[in-house]
Amino acid sequence: MMPAIWDLPDFDSHEAVHVFDDRATGLKAIIAVHSTYLGPAAGGTRFWHYADSQAAVTDALRLSRGMSYKNAMAGLSAGGGKAVILANPARTKPQDMLDAFARAVDSLGGKYITAQDVGMSEADMVSLSKVTSHVAGLPDQGGDPGPYTARGVFLGVQAAAKHALGTDDMSGVHVAIQGVGSVGGGLARYLADHGAKLTLADVDAQRAADLAVELGGKSVAATDIMNVEADIFSPCALGAILTEASVSALKVRAVAGGANNQLATGREGRMLADRGILYAPDYVVNAGGIINVLRHIENADDAEINRRINAISERLAAIWAESDLGGKTPAEVADNMAQKLIGR
Ligand code: NAD
């Protein structure tokens, strides 16, 4: 028997989980509100074809809790939430279905603020904003979060170098980057500007090869990037890439990257620590985008956005210092800090 939603391992005391089923347009969507303790629950909308509806619920719950932690640790006055729209196999996205989703967001009266995520385009977000005002990160409000995320990830990689290698001078520091899209590509450019040695990989092998030529690095097959001997591994593609097998194969001193939910089960945080590999908790490292996306809600100007992104380095240093003292892994320390911030 399927467990009740409260009993799901990822439920984690969500304040609310809203399920929408609009027969007329075919919309099936979930809006998960993990916490509004610090402000309206903010987090993107993912448009994805899931194997089954259970997978969609799990994704929504995990992503929503992740946003609570991310927003809290970034010092934002926003709680955490996430929406998923269950796409059909052909991933068709008719306008009337998007309108129905926008009405669903609107029906929550601002308790949930949406933004762009996987499968949703900038144009989709603009179309939602015609129906509901609870949309953040529109093109005229800062637009693409990628460059802001990339800058935060660069600062996270630099902080990891400082803690694990004893230097924040990146010249000659070897960083292996998995995924060179918006975030990983931006990170590679920052690192190249600072003289780092780069090994790049992407499932789009040409993309990695071209960037490596442009920046003076090397590219390897996507299947090999986690076996590269380097100083720092930076996952900037998919989640759940740190597994028992992949952690035991790593040949690096630190892991710091932009991908969401890097630890496959959570236990890998301990495995990394046991192997003496420093871990930079993903939601602390990759908060640059949401810091910028929420600039309107936060009334933050460019200087304030920069200050908040710069604070990623200090936050990581504080997490690692507490981890070094108390024996908890950096992931556990970060989770505890985030839970305290959201009153749990
Ligand atoms: P993107 O789609 O622009 O880039 C992802 C890149 O990874 C693509 O080039 C893709 O080909 C590559 N890729 C996919 N699977 C791969 C694999 N198995 N091995 C190697 N490369 C692979 O996405 P993005 O915006 O750069 O986001 C990257 C990650 O960062 C995602 O996990 C995303 O959730 C996370 N993230 C992004 C932002 C943001 O502002 N864009 C913010 C927070 C977190």
Practice problem: May I ask you to order 176-188, 278-290 by the average number of other C-beta atoms within 10 Å around their residues, highest value first? | Solution: 278-290, 176-188
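Count the net charge of all other residues whose Cβ sits under 15 Å from the Cβ of Leu86, scoring Lys and Arg as +1 and Asp and Glu as -1. Spell out each step's value before the answer.
Values: positive: Arg23, Lys28, Arg46, Lys82, Arg91, Lys93; negative: Asp21, Asp22, Asp52, Asp59, Asp117.
Neighbourhood net charge equals +1.
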Quiz item: By a straight-distance test (C-alpha under 30 Å), which lysines pair with Lys28 as possible cross-link partners, with residues fewer than eight away in the same chain excluded?
Solution: Lys70, Lys82, Lys93, Lys111, Lys130
Self-check item: Phi-based couplings in Hz for the stretch 165-182 (Karplus 6.51, -1.76, 1.60; Gly and Pro marked x)
Solution: 10, x, 8, 9, 7, 7, 5, x, 6, 8, 10, 9, 10, 9, x, 10, x, 4
Quiz item: For the stretch 270-295 and the stretch 14-47, what is the separation of their C-alpha centers, rounded to whole Å?
Solution: 24 Å
Practice problem: Lys and Arg at +1, Asp and Glu at -1: add these up for the other residues within a Cβ distance under 13 Å of Ile5 and post the number. | Solution: -4
Quiz item: Which number do you get for Rg(Cα) / (2.2 N^0.38 Å) in the chain?
Solution: 0.97
Quiz item: Over the heavy atoms of Met73, what accessible area does a 1.4 Å probe trace out, to the nearest 10 Å²?
Solution: 10 Å²
Quiz item: Equivalent-ellipsoid semi-axes (√(5λ), Cα gyration tensor) for the stretch 304-344, whole Å, largest first?
Solution: 20, 14, 6
Quiz item: Tell me, what are the semi-axes, in whole angstrom and largest first, of the equivalent ellipsoid of the stretch 146-341 as set by the roots of 5 times the Cα gyration tensor eigenvalues?
Solution: 24, 21, 15
Quiz item: Using alpha-carbon positions, what is the distance between the centroids of the stretch 115-191 and the stretch 311-342, in Å?
Solution: 21 Å
Exercise. Kindly rank 36-49, 98-111 from highest to lowest mean number of other beta carbons found within 10 Å of each residue.
Key: 36-49, 98-111
Practice problem: Tally up the carbon and sulfur contribution to the accessible surface of the stretch 146-341 as a whole percent, 1.4 Å probe, everything protein left in place. | Solution: 49 percent
Quiz item: What does the charge add up to near Leu61, with Lys and Arg as +1, Asp and Glu as -1, over the other residues with Cβ less than 10 Å from its Cβ?
Solution: 0
Quiz prompt | the stretch 1-139, accessible area per residue, ligands and nucleic acids excluded (1.4 Å, Å²) | solution = 42 Å²
Quiz item: Out of residues 5 or more away from Ala237 or on other chains, whose amide H comes under 5 Å of its own, with H placed 1.01 Å from N in the peptide plane?
Solution: Ala259
Practice problem: Sort Thr329, Thr223 from largest to smallest accessible area, using a 1.4 Å probe on the heavy atoms of the protein chains. | Solution: Thr223, Thr329
Quiz item: How large is ³J(HN,Hα) for each residue in the stretch 254-265, as worked out from phi by the Karplus curve 6.51 cos²θ - 1.76 cosθ + 1.60 (θ = phi - 60°), to whole Hz, x for Gly and Pro?
Solution: 8, 10, 8, x, x, 4, 7, 6, 5, 7, 4, 10
Quiz item: Between the helical axis of 53-73 and the dominant principal axis of the chain, each derived from Cα atoms, what acute angle in degrees is found, rounded to the nearest 10?
Solution: 60 degrees
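The values are calculated or read from the model by the stated rules, or taken from the named source; none is laboratory data. Here the structure is a predicted model, which means the values were calculated and not measured. Cβ: placed from backbone, ideal geometry, glycine included. Neighbour counts: every protein chain shown. Areas reflect the complete protein model, heavy atoms only, side chains present, ligands, DNA and RNA absent. Shrake-Rupley method; radii C 1.70, N 1.55, O 1.52, S 1.80 Å.
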